[in-house]
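The values are calculated or read from the model by the stated rules, or taken from the named source; none is laboratory data. Note that the coordinates shown come from a computational prediction; the quantities given were computed from them, not determined experimentally. Neighbour counts are summed over all protein chains in view; Cβ atoms, including those assigned to glycine, are modelled from backbone coordinates with ideal geometry.
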């Protein structure tokens, strides 16, 4: 669902767009403004996904509005003047609607915004869930695939990362820093000195985890959280 604002100094134009938005299942009209300054105040209080924005308005033009917006929301320009089309695209707008706006053209613009939002969300998810980490070892920066990591062991001022291909990578890094980098849905700290890859666990017996031939103890203070996570994974 894309949360929308309509910003236009013409009340008739606001009425048209405000009647179109509820007809599109993935759009939600949050508010409409005929004063762009009031719309900016709203944006300080709430994140908005999509703004239907007029260009020629008193007090603040649509272009000035976008400059202040600083790409925090998608913008679909709505104007009676065809001359502004190129100017709008120079400001990276999602689409450009010419008044009077038909519902068919409005819907195409809305679908374009939804696809762009989906793409942006996918990119955010990728950055939040990386496939690799980089660590410094042997005077080099080494890329390690998260899928290859079996478990990580902390030893005083350094850690050892054990991987699928029987490698042990030693790096001067602390457990807390590495724990914050690793995606929580895939890795879990089970003891002061151990982080394990949940996908690599072969068996669990009482307070012990088996990964290949390695037996990793579950610390008392970590036990409740670990078994709660395992319980959710088991349905």
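Within the stretch 214-227, residues that are more than 9 Å from residue 189 (Cβ to Cβ) reach partners that are assigned to a helix (DSSP H, G or I) and modelled with pLDDT under 95 with beta carbons closer than 7 Å, at six or more positions or on different chains, in the pairs 218/226.
Given the criteria exposed (fewer than 14 other Cβ atoms within 10 Å of the Cβ) and assigned by TED's automatic domain parsing to the domain that holds residue 20, does residue 99 qualify? The answer is no for residue 99. In this structure, is residue 190 surrounded by 12 or more Cβ atoms within 10 Å (Cβ to Cβ) and more than 29 Å from residue 232 (Cα to Cα)? When the stated conditions are applied, residue 190 does not pass them. Summed over the stretch 25-45, the residues that are under 12 Å from residue 110 (Cα atoms), surrounded by fewer than 19 Cβ atoms within 10 Å (Cβ to Cβ) and in contact with a strand residue (DSSP E or B) (Cβ under 9 Å, 6 or more places away or on another chain) give a count of 2.
So which of 146, 116 is modelled with pLDDT of 85 or more, surrounded by 10 or more Cβ atoms within 10 Å (Cβ to Cβ), outside the structural domain of residue 61 (by TED's automatic domain parsing) and under 21 Å from the mean Cα position of the chain (by Cα)? Answer to the selection: 146. Report, by residue number, each residue of the stretch 158-172 that is surrounded by fewer than 12 Cβ atoms within 10 Å (Cβ to Cβ) and modelled with pLDDT of 90 or more. Of everything in the stretch 158-172, just one residue is surrounded by fewer than 12 Cβ atoms within 10 Å (Cβ to Cβ) and modelled with pLDDT of 90 or more, namely 168. Going by the structure shown, is residue 134 in a strand (DSSP E or B) and either modelled with pLDDT under 95 or surrounded by 10 or more Cβ atoms within 10 Å (Cβ to Cβ) (or both)? When the stated conditions are applied, residue 134 passes them. Considering the stretch 140-186 alone, what residues qualify as being out of contact with any strand residue (DSSP E or B) (no Cβ under 9 Å at 6 or more places or on another chain) and assigned to a loop (DSSP other than H, G, I, E, B)? Answer for the stretch 140-186, where residues must be out of contact with any strand residue (DSSP E or B) (no Cβ under 9 Å at 6 or more places or on another chain) and assigned to a loop (DSSP other than H, G, I, E, B): 156, 157, 165, 166, 183, 184, 185. Answer yes or no as to whether residue 68 is modelled with pLDDT under 95 and in a helix (DSSP H, G or I). Yes: the conditions hold for residue 68. Candidates are the residues of the stretch 198-235 that are within 15 Å of residue 164 (Cβ to Cβ) and assigned to a loop (DSSP other than H, G, I, E, B); the one that is nearest to the chain's Cα centre (by Cα) is 201.
Residue 72: touching a strand residue (DSSP E or B) at 6+ places or on another chain (Cβ under 9 Å) and loosely packed, with under 14 Cβ neighbours inside 10 Å, yes or no? When the stated conditions are applied, residue 72 does not pass them.
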